[in-house]
């Protein structure tokens, strides 16, 4: 079959500036091509990338995009011209995969393929406008429930298919060689809970965290999805106020280097409290594939692949103290002995195998055939 993939206007493909959605569809497109399908991937221009090229059997077209901004209304406005430019270069196909806000509205119903709308962000009422879509695909059961609430009339079009891992699952993890590192990898943004994480780490007893390092890795610049320089400086000031070891690192966009970082870490903490900001938690799953034991907030999306106290830990906010639940969970996990840690680490690694790229890609192809 012929498959068009239309990415958003703000992050390049390949995902040299990060982006879970960009990373996932970049690799899924290549996997579709491996199965003999003709794939065209449309994304925004970026310095150092050719406007047209073929990567692993996928034809890439790049058109003028835009720089991301904080204002959500302006963000939407900036993406409209991009969608119209995409319409001019797109060719007929069987399936059109897109997460671009305007695409289902400005593109013909089936001229470029049956519209396969990827709901990669918390839906904010726009789904009722997507009457031309053949499928509304969501990555988690939590987002599926929200969609069903917002557009019950489109229930037959809503389907949950997860994100795949963006790298091959390691054949072996050396659990005994893990460093005493608690890692956070994601956007350095207020909604991700990183400030609360640092405050929590600072208040843990020195005896408990002796020898341990909390490492924060991710983009902080607004154009890369971060909270900007003012938030970064607030974070740096919070780190300086404590005496427990915290390392704030620059983002790692190279997937192989990020994987190496996760392979060395013991725990992966993701304290996001953004009920409308998390749809899956791909970085958590990636860390699990490297044998990191996940410590995550109680957002619904994480429950698809984490069973509390079996292959990870889910903490809840305590009434009157938003930091207490995280502090209690970190206190517990940092006291696990080597045998207990290995048990959780091995379980996390095993759970991630359900999300291999090859397996998940076949699920998508089956769904494409179903709507065709």
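Every number here is computed from the coordinates shown, using simple stated rules; none is lab data. Not measured: the values here are computed from a predicted model. Reconstructed Cβ throughout: ideal geometry from the backbone, glycine too, with neighbour counts over all protein chains shown.
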Quiz item: Can you sort 308, 118 by how many other beta carbons sit within 10 Å, fewest first?
Solution: 308, 118
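Ranked highest first by the average count of other Cβ atoms within 10 Å around their residues, in what order do 153-160, 326-333 fall?
On the way: 153-160: 14.6, 326-333: 19.0.
Answer by packing, highest mean first, reads 326-333, 153-160.
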Quiz item: So how much slack lies between residue 253 and residue 210, counting 0.36 nm per residue of separation and subtracting their Cα-Cα distance, in nm?
Solution: 12.5 nm
Quiz item: Using the eigenvalues of the Cα gyration tensor, what equivalent ellipsoid semi-axes result for the chain when each is taken as the square root of five times the eigenvalue, whole Å, largest first?
Solution: 36, 22, 20
Quiz item: Assuming R0 = 25 Å, what is the FRET efficiency of residue 70 and residue 124, from their Cβ-Cβ distance, to the nearest 0.05?
Solution: 0.95
Quiz item: Between residue 91 and residue 243, what is the label-to-label distance in nm when each label sits 7 Å out along the Cα-to-Cβ direction?
Solution: 6.7 nm
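Under the rule a/c < 1.5 gives rounded, and otherwise a/b versus b/c splits prolate from oblate, where does the range 157-265 land using the Cα gyration tensor? Show your work: numbers first, answer last.
Numbers: a/c = 1.98, a/b = 1.19, b/c = 1.66.
Here the range 157-265 falls in the oblate category.
Based solely on its DSSP helices, what 222 nm [θ] is calculated for the chain when runs of n ≥ 4 H residues each add -39,500 (n - 2.57) and the sum is averaged over all residues, nearest 500 deg cm²/dmol? Numbers along the way, then the final one.
Working: 12 runs with 132 residues, N = 372.
Computed mean residue ellipticity for the chain: -10500 deg cm²/dmol.
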Exercise. Determine the distance separating the Cα centre of the range 321-365 from the Cα centre of the range 52-80; give it in Å without decimals.
Key: 33 Å
Self-check item: Theoretical gain in end-to-end length, residue 229 to residue 264 [0.36 nm per residue, Cα-Cα removed]
Solution: 9.7 nm
Practice problem: Go ahead and run the numbers for FRET between residue 176 and residue 303, Cβ-Cβ distance against an R0 of 35 Å, rounding to 0.05. | Solution: 0.75
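Given the chain, what percent of its DSSP beta bridges are antiparallel, to the nearest 5?
Numbers: 5 of 49 bridges.
Taking every DSSP beta bridge within the chain, about 10 percent pair in antiparallel fashion.
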Self-check item: Among 277, 36, 113, residue whose mean-square fluctuation peaks in a GNM of the chain (springs only between Cα atoms under 10 Å)
Solution: 36
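Give, in nm to one decimal, the length gained when the segment between residue 52 and residue 317 is fully stretched (0.36 nm per residue of separation minus the Cα-Cα distance).
Details: separation 265, 0.36 × 265 = 95.40 nm, distance 4.84 nm.
Gain on extension, residue 52 to residue 317, equals 90.6 nm.
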Exercise. Quick one: grab Rg to one decimal and Dmax as a whole number for the range 175-354, Cα atoms only, in Å.
Key: 15.0, 43
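Go through 78-88, 287-297 and give me the packing order, highest mean Cβ count within 10 Å leading. Show your work: numbers first, answer last.
Details: 78-88: 17.6, 287-297: 26.7.
Ranked from most to least packed, the peptides come out as 287-297, 78-88.
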